[in-house]
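To start, the structure under review is shown below, and the notes come after it.
The values are calculated or read from the model by the stated rules, or taken from the named source; none is laboratory data. Note that the structure is predicted; figures quoted are calculated from it, not measured. Here the Cβ is made from the backbone with ideal geometry for all residues, glycine too, and neighbour counts use every protein chain on show. Quick note on the areas: whole protein, heavy atoms, side chains included, nothing else; ligands and nucleic acids left out. Shrake-Rupley method; radii C 1.70, N 1.55, O 1.52, S 1.80 Å.
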Amino acid sequence: MTAAPGPLPGRYPEVHAASLADPERFWLEAAGAIDWASPPRRAFDASLGAYGRWFPDAALNACHNAVDRHVANGRAEQTAILYDSPVTGTKRAIRYRELRDAVATLAGVLVTLGVAKGDRVIIYMPMVPEALIGMLACARLGAVHSVVFGGFAANELAIRIEDARPKVVLAASCGIEPSRVVPYKPLLDAAIAASAHKPDACLILQRPQAEATLVPGRDRDWAETTARAEGAGLKADCVAVAATDPLYVLYTSGTTGKPKGVVRDTGGYCVALAWSMPNLYGVAPGEVYFCASDVGWVVGHSYIVYAPLMHGCTTVLYEGKPVGTPDAGALWRVAAEYGVACLFTAPTALRAIKKEDPRAERVGSYDLSKFRTLFLAGERADPDSVAWAERALDRPVIDHWWQTETGWPIAGNPVGLGLLPVKHGSTAVPMPGYDLRVLDEAGKPLPADTMGTIALKLPLPPGCLPTLWGSDERFRQSYLTTFPGYYDTSDAGVVDADGYVTVLGRTDDIINVAGHRLSTGGMEAVLASHPDVAECAVIGIRDALKGEQPCGFVVMKSGVAREPAEVERELVALVRERIGPVAAFKLALTVGRLPKTRSGKILRGTMKRIADGEPWTLPPTIDDAAVLDEIGESLKGRGIGG
Ligand code: COA
Ligand code: AMP
């Protein structure tokens, strides 16, 4: 059993208990934070969808809630977006009124391009205001956006175009990494060429760092098109959609290598995010919220775009890195310059900062008087880095756990309800509506402090995915069948006697590299496609900066007489070309054989322990121990393992 919370301080115990005891009442009350075109009379209908649907009789518009209502309610002149881009030397403040006008105009343009409620729009853009304007313009029309992270290769973009079948693609000519300009347009052109589905139109934001060539008849220049629309007074109003209609689809790594299109519905998401801002993050309308993620990830969707805007905050859009743009004080500089109240980043970013500025000397150069709390998510937060940040900042540092699938945190320390004691290494307690259990392999609840798979008793709370795009069956198979009556998080962990959750790692082939979720199965598929490779295995091995890094072991086909180093270089290049630089795949090792059980299962767990320099024992199901020694030797050759 879980979450039998002990005598924890603050309002949390009573709030969480109320959310599970009477979800109807709890979520209808939370729904009061949202403007509805047609308000909900009931919160949940268990008879709909795979496990029920939230706010089945209500209608609303997410863009109205994030933008228009603030213009009408006295925030028109308040800054909505603070764009800070050290990589281009640009800063720009966009007020709510300006944002409303820009979004309405772009929505008008999308209508002329044939986009209507329910149509999909792919957004392949870096961290520029136009990406947010694009997302909100889709939401305004009830169109479904699907943002693709810029670090993915053309092939990954093509897979998403084929699955989402967008009418229009919104893209920028390039993204900017500290070390290089990344031209997006050639990747987009290649993706469209490779996809069986072709969008009707592409709207391209030309950036001076790398202007793109437009394809006549298909591509339009963003600035020219929107200027013309503005001149003509072309605008589109918010379209009310059913609360159960999708707001977006966000693809994330699946275990097969084929990404999963996580569907986010509109009403439940708006309600959950609106609840989280004051209660979990402890932020008030009008305050400045800085989430240093990317709009290509779920964290960016929820806490760069929708939640802060819905709550009437100012959101910071930071096109830079935690280090190197220009230094390890970058996040503190932004926090001070804009009076940030709440900062949200990934543990990797902290580790990168700590490496460059171990004594946190840069923190002292900035006035952080408005800054109250640092939140971390995306990967396991190592206790050392959390303790370092607490000392450096003299503020609570809160680790919280979530997934693309859930859209908002599963567990965290709800600052707004009264800060709970912080336990390093733990992501604190389940958020409202999450009935969290740790189960053994047979689905039996485990006692406190016993490791198992973390599962969420159905129904999931508002905000979580109702299904996967175009595949209810894959949704059921992936999440609902392992433990009937539960959603399987595929995360292993423990819950202690106080109800605190500690997430220990994935139970599937997903790895987390620099806070980026990747599938080793996807990488194996790429390696296996190389003509000289007979078989392969990719594992995530410990990395001091990025948490994990992928490492591929390959066995070459017999008769291939090529230099192993040459093939290894080709394999590294192939993963970069097919999946993208974000895979950070730099380690390919050719070996004579892969260690397998008698039934042919590759011993990935043992290989990982060898690479991580952890004690390991010879599994009884293996006949030949020498093969594991060979793995150890090849890792040692690269300075890895014990
Ligand atoms: N477009 C194109 N390429 C991108 C990209 C983007 N949006 N984002 C990352 N890449 C590239 C990087 O340039 C790098 O390329 P390289 O192999 O040529 O160096 C590669 O993808 C791997 O990137 P990353 O793993 O991020 O490593 P890094 O060395 O560039 O940066 C950190 C290290 C710690 C600064 C960075 O990982 C970071 O800021 N992490 C925080 C992540 C985060 O906020 N995650 C959100 C979850 S909450
Ligand atoms: P993503 O879908 O990209 O957000 O990645 C989700 C996965 O990241 C989870 O299933 C976890 O494995 C991991 N994760 C996210 N946040 C945390 C955290 N705070 N602690 C440990 N793991 C985390």
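Stretched out fully, how many nm does the piece from GLN209 to ARG562 gain, at 0.36 nm a residue minus the Cα gap? Don't jump to the answer; show the numbers that get you there.
On the way: separation 353, 0.36 × 353 = 127.08 nm, distance 4.03 nm.
Stretched fully, the GLN209-ARG562 segment lengthens by 123.0 nm.
Considering only protein heavy atoms and a probe of 1.4 Å, how much of the accessible area of the stretch 514-636 is carbon and sulfur, as a whole percent? Present the calculation step by step, with values, prior to reporting the outcome.
Values: 2950 of 5550 Å².
On the stretch 514-636, the fraction of accessible area on carbon and sulfur atoms equals 53 percent.
If you count the DSSP beta bridges with both ends in the chain, what percent of them are antiparallel, to the nearest 5? List each step's numbers first, then the result.
Values: 56 of 95 bridges.
Around 60 percent antiparallel, to the nearest 5.
Among VAL249, GLY231, LEU214, whose Cα sits farthest toward the positive end of the charge dipole of the stretch 201-259 (+1 at Cβ of Lys/Arg, -1 at Cβ of Asp/Glu, about the Cα centre)?
VAL249
If contacts are Cα pairs under 8 angstrom and at least 6 residues apart, what is the relative contact order of the chain in percent? It would help to have the intermediate numbers written out before the result.
Values: 1453 pairs, mean separation 85.6, N = 642.
This gives 13 percent for the chain.
Any lysines with Cα under 18 Å of the LYS235 Cα? List them, leaving off those in the same chain fewer than 8 positions away.
Candidates past the 8-residue exclusion: LYS117.
Modelling each spin label as a point 7 Å along the Cα-to-Cβ direction, I'd like the ALA116/ARG42 distance in nm, to one decimal.
That separation, rounded to one decimal, is 3.0 nm.
With a ≥ b ≥ c taken as the square roots of the eigenvalues of the C-alpha gyration tensor of the stretch 114-194, please select rounded if a/c is under 1.5 and otherwise prolate if a/b is larger than b/c or oblate if it is not? Don't skip to the answer; put the middle values down first.
Numbers: a/c = 2.57, a/b = 1.37, b/c = 1.88.
Verdict is oblate for the stretch 114-194.
Show me, for the stretch 185-197, the HN-Hα J-couplings you get by feeding each phi into the Karplus relation (A = 6.51, B = -1.76, C = 1.60, θ = phi - 60°), rounded to Hz, glycine and proline as x.
Result, rounded to whole Hz: 4, x, 5, 5, 4, 5, 5, 5, 4, 7, 8, 5, 8.
Hey, can you find the accessible area per residue of the chain for me, probe 1.4 Å, expressed in square angstrom? Intermediate results must be reported in sequence, preceding the final value.
Numbers: 23350 Å² over 642 residues.
Accessible area per residue: 36 Å².
Given 0.36 nm per residue, what is the gain on full extension from THR597 to THR481 after removing their alpha carbon distance, in nm? Each step should come with its number before you reach the end.
Details: separation 116, 0.36 × 116 = 41.76 nm, distance 2.67 nm.
Fully extending the segment from THR597 to THR481 adds 39.1 nm.
What does the charge count near GLY114 come to, summing +1 for each Lys or Arg and -1 for each Asp or Glu among other residues with Cβ under 10 Å from its Cβ? Show your work: numbers first, answer last.
Working: positive: LYS167; negative: ASP119, ASP200.
Combined, the nearby Lys, Arg, Asp and Glu give -1.
For LYS321, go through the lysines and keep the ones whose alpha-carbon is under 26 Å away, minus same-chain ones fewer than eight residues off.
Partners found: LYS91, LYS185, LYS354, LYS355, LYS370, LYS546, LYS586.
Starting from the Cα gyration tensor of the chain, multiply each eigenvalue by 5, take the square root, and state the resulting semi-axes largest first in whole Å.
Working: eigenvalues 272, 188, 126 Å².
So the three semi-axes of the chain are 37, 31, 25 Å.
Assign unit charges at the C-beta atoms only (+1 for Lys and Arg, -1 for Asp and Glu), then state the dipole size of the chain relative to its Cα centre in Debye, rounded to the nearest 20. List each step's numbers first, then the result.
Values: 66 positive and 73 negative charges, 112 e Å.
Result for the chain is approximately 540 debye, rounded to the nearest 20.
Where does the charge balance sit around ALA80 when Lys and Arg score +1, Asp and Glu -1, over other residues with C-beta under 11 Å from its C-beta? Don't jump to the answer; show the numbers that get you there.
Working: positive: ARG75, ARG95, ARG97, ARG100; negative: GLU77, GLU98.
Once positives and negatives cancel, what remains is +2.
At 1.4 Å probe size, what's the solvent-accessible area of PHE149? Round to the nearest 10 Å².
30
Output the relative contact order of the stretch 305-363, whole-number percent, from Cα pairs under 8 angstrom with separation of 6+ residues.
Numbers: 33 pairs, mean separation 19.2, N = 59.
Relative contact order for the stretch 305-363 comes out at 33 percent.
Under 1.5 on a/c is rounded, so check that first for the stretch 400-482, then, if it is not, pick prolate when a/b is larger than b/c and oblate when it is not; a ≥ b ≥ c are the square roots of the alpha carbon gyration tensor eigenvalues. Present the calculation step by step, with values, prior to reporting the outcome.
Details: a/c = 2.59, a/b = 1.35, b/c = 1.92.
Oblate is the answer for the stretch 400-482, as a/c is 1.5 or above yet b/c matches or exceeds a/b.
Need one number: nm distance between label points at TYR366 and ASP472, each 7 Å from Cα along Cα→Cβ, rounded to one decimal.
Distance between label points: 4.8 nm.
Using Cα positions and a limit of under 20 Å, work out the aspartates and glutamates in reach of LYS198, with same-chain residues fewer than 8 apart set aside.
ASP119, GLU156, GLU162, ASP163, ASP189, ASP219, ASP221
Let me have the relative contact order for the stretch 439-559, percent, based on Cα pairs under 8 Å that are six or more residues apart.
On the way: 185 pairs, mean separation 21.9, N = 121.
After rounding, I find 18 percent.
Taking square-rooted eigenvalues a ≥ b ≥ c of the alpha carbon gyration tensor, is the stretch 514-636 rounded, prolate or oblate, where a/c under 1.5 means rounded and, failing that, a/b exceeding b/c means prolate? Working shown, then result.
Values: a/c = 1.79, a/b = 1.15, b/c = 1.55.
Cα axes put the stretch 514-636 in the oblate bin.
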